[in-house]
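The values are calculated or read from the model by the stated rules, or taken from the named source; none is laboratory data. Computed from a predicted structure; not experimentally measured. Please note: Cβ atoms are built from the backbone with ideal geometry, for glycine as well, and neighbour counts cover all protein chains shown. Just the protein is used for accessible areas: all its heavy atoms, side chains included, with ligands, DNA and RNA removed. Shrake-Rupley method; radii C 1.70, N 1.55, O 1.52, S 1.80 Å.
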Amino acid sequence: MNANPNQTRVEDAALLRGAGCYTDDLTLPQQAHAQLVRSPHAHARIVSIDIAAARAMPGVLAVLIHADLAAAGIGRLPALPPLKSRDGSNRREPMRQALAEHTVRHVGDPVAFVVSETQAQARDASEQVSVDYAPLPAQTDGRAALAAGAVELGADIPGNCLFDWETGDAARTDALFRSAHRVVSLTAHNQRMIGNPLETRAVNATFDAGSGRFTVYAGTQGVYMLRNLLAQAFALPPERFRVVTGDVGGGFGPKFYFYPEQILCPFAARLLGRPVKWSAERTESFLSDAQGRDLHATLELALDEGGRMLALRLDSVANLGAYVSTFAPVIPAPVATAVLPSVYGVEAAYARVRGATTNTVPVDAYRGSGKPEIHFLVERLIDRAAAVMGIDRIELRRRNLVPAAAMPWRNALGVTYDSGDFPAMLEHAIEASGWAGAPERKAAAKLRGKLHGIGLACYIESTGGARAERAEIRLDREGRVRVLVGTQSSGQGHVTAYRALVAERLQIAPGQVQVVQGDSDQAASGGGTGGSRSLSTQGPALAAAAAGVIAHGRAAAAQRFGVAADAVAFEGGAFCAGTQRVSLPDLARQGCSLDAVAQIENPAPNFPNGCHVAEVEIDADTGLVTLLHYTVADDFGNVLQPAIVVGQVHGGVMQGIGQALMESAVYDAEGQLLSGSLMDYGLPRAQHAPSFGFGVSLHAQACTTNSLGVKGAGEAGSVGACAAVINAVVDALSDYGIDHIEMPATPARVWQMIQAAR
């Protein structure tokens, strides 16, 4: 399956030399520069906007407000997936325009768009736009927004409720709870996160009056969705838009979504007849990029006398922010709850999820797409249940894990896991982490005046699936192989993986394969990259296209050899029949048409799973948590590029560690983002990683829902990390009678809890 599992990533050399090309690197002839005027209020009525002084500033080419867009028929920014509430009604969404019309709904809501000859001139002119605001009451907490008597933030959203959704068998779940020996519950907040990719968002757009076509350069996670949404906003055919994505410095979800700047730059380029470029400053990204998480939830677990888990019941409130972002409605609802039963054999489950609108930056899928939130609740609750029942934490899990012999397993919410050996993943992680020696390490830490804790978390994801994926392989007259894909790398190593996959099947050197991505004019369609879907959808499409190339080559060779196609073998990169032989590149040079296209129409999901173990020490005098060791056992099915996979796990775990110990987007009561810069928002750095590195072991239970047997790996680290780290922190604090701590477990929060317990 993998000719060279330790192949060096081909992307890295150019990027490390500074030879990459990101959107902000593009400077086009007659380039103009844009600056946005953003609301300083979380909620306010726009009384008036005076742009005369800004228009008179040096170098100013245009100052746009909502009326300019409306006059041109520019539409709203829609959310994509439908969702039905429990009463059968459709979800709601506040009207979102590229520039606010009557009301601003969060700090950073765009109000005006200034275009000038230089960036400095645009910035100076933006400060001359005078907006008269009439402040309105603001709301930042999802639960408070849904509470009886809360001020409604808009007449279009009664009760500030976007949806009230449910899944599962409520009657069966309630019956199991009534019959349970013990019911244990946990209420927790999965705090709001800011994505913070290394490269901030940027857009550069041109318009060709002759052809009537736009070209939009943007750092995205998929050019085709942006092309189609632009066509919808401009009420034009998709063919009128070309979207190009070069190198992307991190995505994590927020670069997948539709934003006002992606409308404003091409609109201004058409108006002015010259390119218009916008690049976000870091603080601007904090106020405009879709944020993540922000889920308040109560999870209940029913158990029998022997510790068997009977049922789960979830009641959660998702704060979706001021507007409904592109995929936001489904993330806390069907996407997250699909794996609510996790790897455990509960008989029934029920979930109710309400979506609230508030005066905060919109929320959407962030690395893990709802699964980190769910598994944090489940794994924290199992630890609490173990303590209440007087059962060892590992033993309680062992009694309830779905055995490998039960696969395929239909979980309590009707989702079928096709493969997995959950007990084996638990045992691998326990053994590799040295769990048995933890009591001795705890005693040694106590002698040094430190608190020691160890925690674990099992997880399962549902990845892939959803959108169709297409692959095209072309061979030119020089025998070169071009591979056109619809996914988009933002650092994952797609080019390395795809080259190796195609080269192996065509029996050529990886260096002969060129991967083309990020240009909507090159291939007809593509699903983009998100939800750990790339290899499990793009990979099978590539494999099928490669098979098509070989089939075409076999037919062409048979015609030249004068034999039947089934008499032609393909080996060593050549077609052979008896003593006759012709290589694949030679057939291409001879003008044979070998190109092939394949599309995976309805990709099925796959279910990566595993177990994380975290070990920590806490300084009780300062509250500082130090992560000592971190161990992961993962089942990603067939692994094509182990080094890349382990790198993805490392990155995901560090994002989970960041959430567990330091990251949080904090708003005050008036809706101001208090953690609005890297001076106030904590990100994990090298010193926050375990001092002895990560222990990551990969185990293959081949997936049966795609032809490669692969499972998604990109998000897995973030899914298990939060619960594992907080379980370890709580274990360390258990001597003080503390059985839960909210994230992030900052030194201040830990110290305060210790002082209160003392």
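Identify the trypsin sites (Lys or Arg not before Pro) of the stretch 446-483 meeting these criteria: DSSP loop state and at most 11 other C-beta atoms within 10 Å of the C-beta.
Counting only loop positions with at most 11 other Cβ atoms within 10 Å, the trypsin sites (Lys or Arg not before Pro) in the stretch 446-483 are Arg448, Arg477.
Cut-off 15 Å, label point 7 angstrom out along Cα-to-Cβ of Ala13: give me the residues of the stretch 482-496 whose amide nitrogen falls inside.
496
Given R₀ = 41 Å, what would the calculated FRET efficiency be for Leu198 paired with Arg399, taking r from the Cβ atoms and rounding to 0.05?
The formula returns an efficiency of 0.40 here.
With a 1.4 Å probe and every protein chain left in place, work out the accessible area per residue of the chain in Å², rounded to a whole number.
Using a 1.4 Å probe on heavy atoms only, each residue of the chain averages 36 Å².
Among all the lysines, which ones have a C-alpha under 25 Å from Lys371's C-alpha, if same-chain residues fewer than 8 places away are not counted?
Straight-distance partners of Lys371: Lys84, Lys255, Lys711.
Filter the chymotrypsin sites (Phe, Trp or Tyr not before Pro) in the stretch 682-758 to those in DSSP coil with at most 16 other Cβ atoms within 10 Å of their Cβ, and list the result.
The qualifying sites are Phe692.
For the stretch 77-119, with only Lys/Arg (+1) and Asp/Glu (-1) charged at the beta-carbon, what is the dipole magnitude about the Cα centre, in debye rounded to 20?
Dipole magnitude for the stretch 77-119 comes out near 380 debye.
If I compute solvent accessible area with a 1.4 Å probe over the protein chains, what percent of it on the stretch 470-524 is carbon and sulfur?
Here carbon and sulfur together make up 42 percent of the probe-accessible area.
Testing the spin-label approximation: label points 7 Å from Cα along Cα→Cβ at Leu26 and Glu281. State their distance in nm.
2.4 nm
Set Lys and Arg Cβ to +1 and Asp and Glu Cβ to -1, take the dipole of the chain about its Cα centre, and tell me which of Ala328, Val597, Val276 lies farthest positive.
Going by the Cα projections, it comes out as Val597.
Specify which residue in the list Thr579, Gly154, Ile74 is farthest towards the positive end of the charge dipole of the chain, using unit charges on the beta carbon of Lys, Arg (+1) and Asp, Glu (-1), about the Cα centre.
Thr579
List residues of the stretch 62-82, by number, whose backbone nitrogen lies under 13 Å from a label position 7 Å along Cα→C-beta of Ala235.
Residues passing the 13 Å test: 69-76.
What is the gain in length, in nm to one decimal, between Val666 and His688 on full extension, counting 0.36 nm per residue of separation less the C-alpha to C-alpha distance?
Net length gain for the segment: 5.8 nm.
So if we plug the beta-carbon distance of Ala604 and Leu447 into 1/(1 + (r/R0)^6) with R0 = 45 Å, what FRET efficiency do we get, rounded to 0.05?
0.25
Straight-line reach only, C-alpha to C-alpha below 22 angstrom: list the lysines that Lys450 could link to, leaving out same-chain residues fewer than 8 apart.
Filter leaves Lys442.
Quantify, in whole percent, the carbon and sulfur part of the accessible surface of the stretch 651-758 (1.4 Å probe; protein heavy atoms only).
About 55 percent, which is the carbon plus sulfur part of the accessible surface.
What helices does the chain hold that run 24 Å or longer along their axis, going by alpha-carbon atoms, with a Kyte-Doolittle average of 0.0 or more, using DSSP H for the helix calls?
Passing helices, by number: 371-389, 534-561, 642-661, 716-733.
For the stretch 127-207, what is the convex hull volume of its Cα atoms per residue in Å³?
295 Å³
Only sites in a loop by DSSP and with at most 14 other Cβ atoms within 10 Å count here; which GluC sites (Glu not before Pro) in the stretch 297-396 make the cut?
When the GluC sites (Glu not before Pro) of the stretch 297-396 are filtered for loop state and at most 14 Cβ neighbours within 10 Å, Glu305 remain.
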